[in-house]
Amino acid sequence: MKLPHDQDEPATAPTRTSGRRCRLLLILTSTGLALALAGLLAFVSKDSGLPPYMLLTSAGLSLALFICIWEIARLRRITRAHALAMVGTNDGMWEWDPVSKELKVGTRLLNILGYADDFLGSTEQWIELVHPDDRAGYNEAVAAHLKGLTPHFYHEYRVRAEDGAYRWLAARGVAQRDGRGVARLMAGSITDITERRADEARIRYLAHHDALTGLPNRAQLMEQVPRLIARAAGRGDMLGVLFVDLDRFKTINDAMGHSVGDILLKGVARRIAEALRPLDQVYRQGGDEFIAVLPEIAGAGDAGHVAERILEAITRPMRESGFELHTAATIGIALFPADGTDTETLLRNADTAMYAAKARGGASCHFFSEQMNERLQRRMALEAALRNAIATGELELHYQPQVSVTDGRVVGAEALLRWRHDGRFIPPDHFIPVAEETGMIHAIGDWVLDTAITQAARWRATYASPPRLAINLSPRQFWHSGLARGIIQRLQDHQLPPEGIELEVTESVLIQPEGPAIGELRTLRQHGLHLALDDFGTGYSSLSYLRNLPVNRLKIDKSFIFPLTGSTAENPEDAAAIVQAIIAMAHSLSLSVVAEGVETADHLRALQHMGCDLYQGYLLSPALPAEQFATRFLQPA
């Protein structure tokens with residue numbers, strides 16, 4: 001390996017300042033010594049009889065020799081320190097001359113790539129190792145820094161290792177410039193981020209694919225179908241959307257257990273995919289629902305034929321893992337452009353058609369028609385009842401404890417909205433979307449904030465060590481200005497310290513990063529409120545924006561926790577790797593982590609091993625009314 005040479009002063013400002021001061025002190029000291037020596041020699045020359053210039057010349061040479069020896073010793077110390085840094089650091093060190101193109105690298109960088117010898121003498125040899133798809137971006141990043149457009153150089157790219165595989169590297173550095181601002185030297189370090197990139201790829205995959213079946217999930221469906229619709233509109237094609245719902249799946253699940261139900265779902269997913277044309281794609285909507293999208297169909301007949309093949313494939317007896325399973329399916333069909341021109345409309349109408357077929361006994365397929373208004377009428381009735389829910393006192397908040405993984409203490413509680421209507425609870429995923437689509441979420445959200453903050457103030461006045469209370473915010477609430485101001489005012493009205501409240505938002509706030517949501521969140525954070533990113537990994541998972549979000553905590557969605565014990569996935573070790581990656585990434589960003597949906601002791605043991613901070617779920621308690629929660633978990637002051 002070529003040893004690096006010292007290049008003037010080191011790059012950091014404090015070190016440059018120190019070096020200049022040392023040189024100035026040396027010059028002043030040398031000048032003083034020279035003047036003193038000159039005076040002494042002038043005096044001596046009178047007695048010695050030697051010409052004064054000879055004595056002065058000898059003194060000057062001696063002084064120059066002293067300065068050279070001192071400078072050489074300093075340079076050798078710096079060179080040894082630089083060499084040791086290049087050998088001993090965990091990152092790979094490099095330095096590059098932009099003028100001569102000479103490149104020098106440390107042993108650690110060669111070790112990262114598996115090379116035994118340093119053959120990298122120039123830029124061209126390094127560029128040859130960079131992945132062809134990454135070369136343009138790499139060159140642009142270097143050029144931008146050389147031109148002074150960036151304060152430092154940073155780029156992530158792939159480089160070919162000795163074994164032929166490509167490794168992901170994060171390169172960072174800074175240029176040293178002359179008095180005219182021209183870069184004369186660049187130096188920095190390289191970190192191997194291959195594992196981090198692999199973990200991020202796994203997270204992105206799981207965010208867009210169903211963990212059980214491996215099919216694309218609803219998030220990917222909502223991304224891809226609008227593009228297919230736009231293409232069909234441009235070509236004048238028809239497009240079919242098939243809403244597939246298994247019949248009696250709940251009966252099989254309850255009677256034979258979730259593990260058998262999982263086997264059935266995987267088998268159904270495989271059979272649907274096999275029944276489709278090469279152009280078609282199937283998605284898992286959730287539960288026992290699947291969506292098949294059929295582009296470039298000639299008419300309703302093509303969609304009907306595919307639906308019949310799916311029904312026939314699902315109806316055949318399924319022999320999986322020693323079980324013989326029998327099921328059937330009901331399919332609703334909506335066509336573009338006749339039944340809708342956007343994704344939501346097509347899905348809704350296919351869903352409506354499916355329910356119409358269910359009402360006729362199921363195990364069949366049905367096309368959407370305008371006469372199918374039963375579901376729409378139910379939706380209208382739900383909307384009308386929801387508008388009166390606040391006035392009639394039908395809305396309630398229940399509270400689920402958040403528990404320390406290490407010592408089992410209840411340190412927080414999440415306020416969860418419940419709607420009791422006609423003597424039964426309406427599931428939140430039934431009425432929250434209606435509230436968001438109709439705008440009622442603003443009135444409901446205000447009621448939730450008022451009720452939860454009032455409850456938090458009451459607990460603080462009554463009980464010792466009350467838990468921090470987590471309150472969910474809908475992305476739609478950020479559409480109206482003044483959300484942060486209203487929350488802060490409520491805290492002041494109740495004399496509640498901001499650290500007693502945590503606000504939870506979902507990844508969907510990242511849809512419009514330039515919108516008001518990020519600014520509102522920053523305002524809340526600046527006033528001392530805690531912020532949590534809910535359902536992490538199930539939505540848009542924009543890792544680039546995660547660094548800029550002012551959150552304190554990530555909440556891992558329960559869909560990642562269920563597979564940890566092998567109950568809903570073939571390879572629980574893969575699920576564990578994803579959860580471990582999320583925890584490690586969060587901790588590297590100084591974020592704490594809450595795991596949702598912890599239902600078994602095995603779940604908790606796995607989370608303890610991974611270093612998770614908090615958990616919530618049925619293992620300790622479901623969400624409870626305020627009085628029951630206080631009785632069970634709070635101690636009087």
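Defining a contact as two alpha carbons under 8 Å apart and six or more residues distant in sequence, what relative contact order in percent does the range 99-155 show?
On the way: 29 pairs, mean separation 13.7, N = 57.
About 24 percent, as a whole number.
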Over all Cα pairs of the range 357-412, the Kirkwood radius sets Rh, and Rg/Rh then becomes 1.33
What order, most packed first, do the peptides 191-197, 282-288 have when packing is the mean number of other Cβ atoms within 10 Å of each residue? 282-288, 191-197
Taking protein heavy atoms only, a 1.4 Å probe, and rounding to whole percent, the accessible area of the range 324-371 owed to carbon and sulfur comes out at 50 percent
May I ask you to give the solvent-accessible area per residue for the range 299-356, in square angstrom, as obtained with a 1.4 angstrom probe? 40 Å²
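Could the peptides 388-397, 526-535 be put in order, highest first, of the mean number of other beta-carbon atoms found within 10 Å of their residues?
My ranking of the peptides, most packed first, is 526-535, 388-397.
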Filtering GluC sites (Glu not before Pro) in the range 472-538 by DSSP loop and by at most 12 other Cβ atoms within 10 Å leaves Glu514
Asp133 to Met222: extension gain in nm, 0.36 nm per residue of separation minus the Cα-Cα distance? 29.2 nm
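Roughly how many debye, to the nearest 20, is the charge dipole of the range 237-311 about its Cα centre, given +1 on each Lys and Arg Cβ, -1 on each Asp and Glu Cβ, and no other charges? Present the calculation step by step, with values, prior to reporting the outcome.
Numbers: 8 positive and 12 negative charges, 54 e Å.
The calculated dipole for the range 237-311 is roughly 260 debye.
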Extension gain from Arg424 to Ser122, taking 0.36 nm per residue of separation minus the Cα-Cα distance: 101.3 nm
Which value in nm describes the separation of the simple spin-label points at Ser588 and Thr150, placed 7 Å from the Cα toward the beta carbon? 1.8 nm
Once each part is reduced to its C-alpha centroid, what is the distance from the range 370-442 to the range 300-369 in angstrom? 29 Å
Taking the Cα centre of the range 98-246 as the origin and placing charges on Cβ (Lys, Arg +1; Asp, Glu -1), which of Thr191, His145, Val159 is farthest toward the positive end of the dipole? His145
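Please list 319-326, 93-100 highest first by mean number of surrounding beta-carbon atoms within 10 Å per residue. Please report the intermediate quantities before stating the final value.
Working: 319-326: 11.6, 93-100: 17.1.
Final packing ranking: 93-100, 319-326.
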Nearest 20 debye, what's the magnitude of the dipole of the range 127-182 about its Cα centre given +1 on Lys and Arg Cβ and -1 on Asp and Glu Cβ? 280 debye
Stretch gain in nm, segment Arg180-Arg309, where the contour uses 0.36 nm per residue and the Cα spacing is subtracted: 39.1 nm
The answer for the range 83-207, accessible area per residue at 1.4 Å probe in Å², is 51 Å²
Counting sequence-distant residues (5 or more places) and residues on other chains, those with an amide H built under 5 Å from that of Asp247 are Ala328, Ala329, Thr330
Between Ala298 and Arg235, what is the label-to-label distance in nm when each label sits 7 Å out along the Cα-to-Cβ direction? 1.5 nm
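The values are calculated or read from the model by the stated rules, or taken from the named source; none is laboratory data. Model, not experiment: these values are computed from the prediction. Counting neighbours? That spans all protein chains shown, and the Cβs are built from the backbone with ideal geometry, glycine included. Accessible surface areas use protein heavy atoms only, side chains included; no ligands, DNA or RNA. Shrake-Rupley method; radii C 1.70, N 1.55, O 1.52, S 1.80 Å.
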